[in-house]
Amino acid sequence: MFLPARPSCLDLGQSELTYTICMNLNAADIQHLKGGYLLAALSDSEFEEVLAHANARTLAPGEGLFDQGDPATHFFFVLSGIVKLCRMAPSGEEKVMDLVRPGFFFAEAAMFMSGRYPINARGLEATRLVSLDSKHFVGLVRGNGDLCLRLLSKMSQRMHGLINEIDKLTLHSGAERVIGYLLEQLPEGAAPPSVRLLVPKHVIASRLGIQPETLSRVLAKLRAKQLIDVHDDMIVLNDVEALRRLS
C-alpha cells in the first residue's frame, strides 16, 4: 500500500503569485502539474491549497505504488517515466489497462467512487510522480458549486477521450490498433518518422487488447509491405500517410 513521505514546505514566488510548495517539487514540476487537465480547472488560491498537500516521489522499475482494493488515499500525476495500470484475471493473466505517461493524472476517479483503487499501479521504468491528497481535494470540492462545475467540464472532456479509446479497442481490427498506436507515439517533427518502443511488446499487446503473436504478425506484415522498418526497439515509419489510411 502506498504511504507517502510527509513533505516539508516553503514559499516560492511565481511571477505575481506565491505558492507554498513541497521541498521536493521544483518550479518546473509545479508548472507541469498546474497544466494537468484536473488542476487546470482550479483558481490560483485553490491550486495553492492542493499544492500544500502534494508530494513527489520516485518509483524504481517494477515498484508497486498501490494494489487493487487498497484505500484510495491519493491520486497521482506523472512527471517522468511510465506507470502501468493493470488488473489480474482469475486465470492469473495480467491485463494492462493503461500506460500513463508524463503530463497525465491517474486514480483521480477513485476518490469520487468507492474510495478504493480498482486496479494495480506499477512503475514500468524509473518514474517520478506527484501524489495529491484525495481527502483534502474532495473537501475542497464539497460545498463549492463553481469548482464542481469546472471539474465536471474537465472530467467530461477526459471521459470523451476514454470513450474514443474504447471505440478503438472494440471497433478496430488488431492491425488498425497497432497502426493507430504507432501513429499516436510518433513524435512531432521526427525525421525520419520513427517510434521508439519504450515498453516491452507484450505490454503493448495487452494494452491494445491483442495477443503478443498478433502484434508480431502485424509488424511483420507492415515490414513486408515496406511501410515500416524495425531496428530492435526502434520502428521507422516509411509512409506515414499510407499508415494513416490503413488505420
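Things worth noting here:
- Subset of K201/K225; K84/K221; K201/K221; K95/K225 violating a 24 Å alpha-carbon distance limit: K84/K221; K95/K225
- Over the chain, accessible surface divided per residue gives 52 Å², non-protein components excluded, 1.4 Å probe.
- Under the span-like rule (Cα at least 20 Å along the axis, Kyte-Doolittle mean at least -1.0), DSSP H helices of the chain: 145-171
- Longest segment of the chain lacking GluC sites (Glu not before Pro) that sit in a DSSP loop with at most 14 other Cβ atoms within 10 Å: 94-187
- For the pair E125 and Q185 in one chain, pulling the backbone fully straight at 0.36 nm per residue adds 19.9 nm over the alpha carbon distance.
- The helix-only estimate of mean residue ellipticity at 222 nm for the chain, built from DSSP H runs of length n ≥ 4 each weighted as -39500 (n - 2.57), is -11500 deg cm²/dmol after division by the residue total.
- Expressed as a whole percent, the accessible area of the chain that falls on carbon and sulfur atoms is 55 (1.4 Å probe).
- Values (i) 18.2; (ii) 19.0; (iii) 19.8 are given for comparison; Kirkwood radius over Cα pairs in Å, derived from the coordinates here, is the one labelled (iii).
- Computed over the chain: relative contact order in percent, which uses C-alpha pairs under 8 Å that are six or more apart: 17
- The slack in the chain from N26 to R116, taken as 0.36 nm per residue of separation less the alpha-carbon distance, amounts to 29.4 nm.
The values are calculated or read from the model by the stated rules, or taken from the named source; none is laboratory data. What you see is a predicted model, and the numbers here were worked out from it, not measured in a lab. Note: ideal-geometry Cβ built from the backbone for every residue, glycine included; neighbour counts use all protein chains shown. Protein only, heavy atoms only, side chains kept; ligands, DNA and RNA dropped before computing areas. Shrake-Rupley method; radii C 1.70, N 1.55, O 1.52, S 1.80 Å.
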